Structure formats: structure tokens, C-alpha cells
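Structure first, commentary second.
Every number here is computed from the coordinates shown, using simple stated rules; none is lab data. None of these values were measured; they are calculated from a predicted model.
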């Protein structure tokens, strides 16, 4: 019998796609919500695999620039090329090895 991989709902994408790194009390920390007294704040890039609206499978190391929650979309920028795209949350297949279910 094949091993089933755990699957997550696309509503949990924020926990994987909007991570930040910062310095706090001399330690480097990562998370979603950055405290106001944190220093050296920067986004943590993540590997994403998604399907475009035309049905093409794309993947790469990206950071999230902007989120459109009412449309379930996010604007991403590829780290290597600097290209900016707008992707739909429900077409994301995988983020950093975590697979998502879109229903």
C-alpha cells in the first residue's frame, strides 16, 4: 500500500509563505508576526511549486511581496531572476515540501 503524504488546506498557506527573520535579545528568530522592538527584519525565502492560470507547472525560490486575501492571491518575486508574478493560493501545490489540498 502506498504511503500517503500529509496534506494541508490552502487556508494554512500564510504559515508557510509569510515567514520573517529578525533579531531579538541577541538571538535570531523566525515567525509570522514580528514584534515591534525587533531589529534586522527580513523575509525568509521559500520554495514554491504551483500551477499557473494557463495550466503550466512552475516552481522556484520566492518571497511574498503583497497578499490579496479577498481574491485568494499573492504577489511573489523570484529570488534568482527578480521576476514578479501574481499567483492564486488555490493553485499552489507545495511550499517547502508541504503539500496542499485545494478543496
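Pairs of C-alpha atoms in the chain farther apart than 17 Å represent 56 percent of all such pairs. Report summary: the helix-based calculation at 222 nm, which adds -39500 (n - 2.57) for every DSSP H run with n ≥ 4 and divides by the residues of the chain, gives -500 deg cm²/dmol.
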